[in-house]
Amino acid sequence: MRNNLNRFRAFWRHFPAAGAINLALIILCILLIWELISSTIDNPSRYLPSPILVALSSVDMIYKGLLPSYFGDTLIRLITGSSIGLALGIPFGLIIGINRTSADIFYPVMNFFQSVSGIAIFPIVVIWWGNSDTTVLVVILYTSFFPIAFTVLSGVREVPMQYIHAARTMGATRFQVIRDVLLPGSMPHIATGSRLSIGFAWRAVIAGEMLAGREGLGWMIFTAQDADKTSEVILGMVMIGVSWIVLDHYLLRPLEADTIERWGLVQR
Amino acid sequence: MNILQSISIGVQRRFGRQRLRKIFLGSIPFAVIIFAWFMNGYMGWFPPVFIPPIGEVWASFFLLQEDCPGIGAIVALDQRCLMSTHILSSLSRVILAAVIGLPAGIALGIVAGMSRPISKFLEPIGIFANSISGIAWIPLAIVWFGVGWKTTLFILLNTIFWLLFFNSMMCVRTVSRVYEQSVLTMGGSRWAVIRDVFLPGAMPSIITGIRLALGFGWRALIAAEMVGGDSGLGFMIFSSAAEFRMEEVFLGVIIISLIFLATDRYLLAPLEKWTILRWGLIWKPT
């Protein structure tokens, strides 16, 4: 019996679609359990609508054009916020990392502000800028700035001293050292940090839309809960999860792996 | 002058020159920020609605605690001791969630990671559950449990459990099969394999996972308390902001970050370091 199973498994591995079929089986399994639970509880449309209802509500929202517009809003917010955050954080981390004294000066204060999470400063930001797009943008900027600045800082400080000394001995200027040694040397850390801070920014976008009431996926699930449309809440959650998986696994992780492969300082 | 010099040398010897330098340099930005904040209250660059005077923030801590009858009321989470009630109810939620969620996440993660087919099956579920972060669950949790401590606890547990489950499942898979097989060959039972191979082998990453999970959980808890809670620090800053009591909002934000910093630095980071030293499979070429 066990031998047969192993042989079947070995045979199965030859198909390239085996992984996809596995995934489809898992999804089917979850949907079945979900359907089973929702058919046994009372008042399922309020507590746990069946998957078919959720799919129908997605058809309805796509037909009305709401879902694509919310999705686009969220994505645009994420892209603008995190790209500004990265554009500010990478140079900041580099500048601080170059000099030990400046690193000593700024490290504790950055540590403090990083631990003030973006969600916690939300009430303050709302009072400063009101329920506007600026509020969401500021929160995204705040949450995405610190992780990238920290990782770049540690990346710059991990570049071996002998490379810097070698470049200096050959007559490189300070700027050349930064451009040719420190920046490529910290490239893997920049890639890792970007992924990290985009992940934080994604959470901040969802929370920010919920609390500031700007249209987007977070706002969608929040208002749907108010309007007692639980199927739309679950639809929004699934959208949030799936879009983050797609973004993370098919865009950011390959990018990070490529960067590490290309620029990583692995010494054999 | 001589006395001063000898005192300074003594202090440097006692605490370490580099550490003193770091502390001194690190306190400069804090001093600048606090001075600017103080000057703002003095000169009135920004109105108090935007940035409250530093003295009021300090005073509001005692103002919130003013009507408190005594220690007994603090422990009983009396509504009259607002400040301590909010702090303690947030903290007790974290402790409760840690007591339930950490063992459950680690145990299930190790069990799932031991068998390859099961862990392959559960991996996409873990990825999906982790990518719906704690915050996205808040509306559904409000539908299920209503506004209150159940919702906040659910959000916190959800965040902690899935992160830790996924993390420990993946760690167990990285433990080399050779160790497991050698224990089995020498006649060890399944339980012995878990106790002597998987648990120690995955320990460093599990502790790192705990630190990560509590960090994410704390953030998610604050958000959950803001939207669906009726007590706690997140609730306090959100409701104070709705009434434009900015000094309480600032106080709450500072307390939130201080609690996080203190737990992370004095509890979790030393634990992580110790575990890696004790259990880590780092081979050092001497």
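Going by what's in this entry, would residue B:262 be described as within 10 Å of chain A (Cβ to nearest Cβ), in a helix (DSSP H, G or I) and free of Cβ contacts under 8 Å to residues at least 40 places away in the same chain? Answer is yes for this residue.
When you scan the range B:6-18, do you find a residue that is surrounded by 13 or more Cβ atoms within 10 Å (Cβ to Cβ) and within 14 Å of chain A (Cβ to nearest Cβ), even just one? No: zero hits. Looking at the range B:50-58, is at least one residue β-branched (Val, Ile, Thr), out of contact with any Phe, Trp or Tyr (no Cβ under 6 Å at 6 or more places or on another chain) and either on the phi > 0 side of the Ramachandran plot or assigned to a helix (DSSP H, G or I) (or both)? Scanning the range B:50-58, I find no residue that is β-branched (Val, Ile, Thr), out of contact with any Phe, Trp or Tyr (no Cβ under 6 Å at 6 or more places or on another chain) and either on the phi > 0 side of the Ramachandran plot or assigned to a helix (DSSP H, G or I) (or both), so the answer is no.
All of (1) modelled with pLDDT under 90; (2) buried (at least 17 other Cβ atoms within 10 Å of the Cβ) hold for residue B:157 with one exception: (1).
Considered as a group, the residues in the range B:23-44 that are among the β-branched types (Val, Ile, Thr) and within 16 Å of residue A:100 (Cα to Cα) include one that is farthest from the other protein chains (Cβ to nearest Cβ), and that residue is B:23.
Look through the range A:123-159, keep the residues that are over 17 Å from the mean Cα position of the chain (by Cα) and small (Gly, Ala, Ser), and return whichever of them is nearest to residue A:181 (Cα to Cα). Restricting to residues being over 17 Å from the mean Cα position of the chain (by Cα) and small (Gly, Ala, Ser), the top hit is A:155.
Give the range A:126-135 a look and list any residue that's facing another protein chain (nearest Cβ under 8 Å) and of a type in the set (Phe, Trp, Tyr), or say none. Within the range A:126-135, just A:128 meets the criteria. Against the test of being assigned to a helix (DSSP H, G or I), closer than 18 Å to residue B:235 by Cα and not β-branched (Val, Ile, Thr), the options B:88, B:102 yield a single qualifying residue, B:88.
The criterion of being assigned to a helix (DSSP H, G or I), more than 10 Å from chain A (Cβ to nearest Cβ) and at pLDDT 90 or above holds for residue B:235. Return a yes/no flag: does the range B:62-71 have any residue that is closer than 30 Å to residue B:158 by Cβ, away from chain A (no Cβ under 14 Å) and in contact with a Ser or Thr (Cβ under 7 Å, 6 or more places away or on another chain). No - not one qualifying residue is present in the range B:62-71. The selection criterion, being under 24 Å from the mean Cα position of the chain (by Cα) and either within 12 Å of chain B (Cβ to nearest Cβ) or among the hydrophobic types (A, V, I, L, M, F, W, C) (or both), does not hold for residue A:166.
Could you say whether any residue in the range A:153-162 is within 14 Å of chain B (Cβ to nearest Cβ), β-branched (Val, Ile, Thr) and assigned to a helix (DSSP H, G or I)? No; the residues of the range A:153-162 include none that is within 14 Å of chain B (Cβ to nearest Cβ), β-branched (Val, Ile, Thr) and assigned to a helix (DSSP H, G or I). Across the range A:175-196, not a single residue is classified as more than 14 Å from every other protein chain (Cβ to nearest Cβ) and under 21 Å from residue B:222 (Cα atoms).
When residues in the range A:91-125 are screened for being facing chain B (nearest Cβ under 9 Å), surrounded by 19 or more Cβ atoms within 10 Å (Cβ to Cβ) and closer than 21 Å to residue B:241 by Cα, 10 of them pass. Does the range A:104-121 contain at least one residue that is over 19 Å from the mean Cα position of the chain (by Cα), among the hydroxyl-bearing types (Ser, Thr, Tyr) and assigned by TED's automatic domain parsing to the domain that holds residue A:216? Yes, that holds for at least one residue. Candidates are the residues of the range B:131-146 that are surrounded by fewer than 21 Cβ atoms within 10 Å (Cβ to Cβ) and more than 7 Å from chain A (Cβ to nearest Cβ); the one that is nearest to residue A:24 (Cα to Cα) is B:145.
None of A:203, A:214 is part of a helix (DSSP H, G or I), among the charged types (D, E, K, R) and under 23 Å from residue B:220 (Cβ atoms) except A:203. Counting the residues of the range A:203-227 that are touching a residue at least 12 places away in the same chain (Cβ under 8 Å) and facing chain B (nearest Cβ under 8 Å) gives 9.
The values are calculated or read from the model by the stated rules, or taken from the named source; none is laboratory data. Since we're looking at a predicted model, the values are computed, not measured. Positions of Cβ are generated from backbone atoms using ideal geometry, with glycine treated the same way; all protein chains shown enter the neighbour counts.
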